[in-house]
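Just below is one structure, and these are the notes that go with it.
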Amino acid sequence: MPQNIAEFRIIGRIGKITSREKVKYVSVAANYNRRDGEEWKTDTHWNSVVCFSNVASQVDNAAKGDLVHITGRVRESQHGEANDTTYRTELIADTFSVLTKADTEDSDS
């Protein structure tokens with residue numbers, strides 16, 4: 001039976017980690033290159049990823065500036081009533097891996 005899925009994959013650098021009771025929120029920067037006339041420019045997009053349970057414990061080994069690879073699923077939710085409804089798209093992590101520590105690259109130069 002065919003399955004409908006909404007997935008994401010991000011490879012980027014951690015900007016901020018926010019911890020709550022059993023959840024961690026990781027802000028990850030991903031860069032996109034685009035052409036502007038004759039020049040190439042880089043646009044940075046910030047993505048907020050929600051990490052629960054086992055994935056949240058893997059975030060304990062990560063820090064600001066680390067290069068990470070995160071995959072997971074996209075979930076939409078809504079809160080509120082009638083005319084005061086707020087919609088949100090959440091990125092829920094299924095896997096979390098640190099590819100390169102932030103200080104490792106500095107020591108190589």
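Each value in this text was obtained by applying a stated rule to the coordinates, not by laboratory testing. In this text, all values refer to a predicted model and were calculated from it rather than measured experimentally. Every residue, glycine as well, gets a Cβ built from its backbone with ideal geometry; the counts of neighbours run over all protein chains shown.
Taking a 22 Å limit on the Cα-Cα distance, which of the listed pairs LYS16/LYS41; LYS41/LYS64; LYS24/LYS101 fall beyond it?
Working: LYS16/LYS41 24 Å; LYS41/LYS64 24 Å; LYS24/LYS101 19 Å.
Over 22 Å Cα-Cα: LYS16/LYS41; LYS41/LYS64.
Annotation: extensible slack from ARG75 through TYR25 equals 16.5 nm (criterion: 0.36 nm per residue apart, minus Cα-Cα distance). Inter-label distance, TRP40 to ILE5: 3.1 nm, where each label sits 7 Å from its Cα along the C-beta direction. The protection proxy used here, the mean number of other Cβ atoms lying within 10 Å of each residue, ranks peptides 14-22, 81-89 as follows, highest first: 14-22, 81-89.
If each DSSP helix of 4+ residues adds -39,500 (n - 2.57) and the sum is divided by the residues in the chain, what number results at 222 nm, nearest 500 deg cm²/dmol?
On the way: 2 runs with 14 residues, N = 109.
Computed mean residue ellipticity for the chain: -3000 deg cm²/dmol.
Work out, step by step, the length gained on full extension between TYR32 and THR95: first 0.36 nm times the residue separation, then minus their alpha carbon distance; give nm to one decimal. All intermediate terms of the calculation are to be shown ahead of the outcome.
Details: separation 63, 0.36 × 63 = 22.68 nm, distance 2.24 nm.
Between TYR32 and THR95, full extension yields 20.4 nm more.
For the chain, the Cβ-based charge dipole about the Cα centre amounts to some 240 debye (Lys, Arg positive; Asp, Glu negative; other atoms uncharged).
The equivalent ellipsoid that matches the C-alpha gyration tensor of the chain spans semi-axes of 27, 21, 15 angstrom, in descending order.
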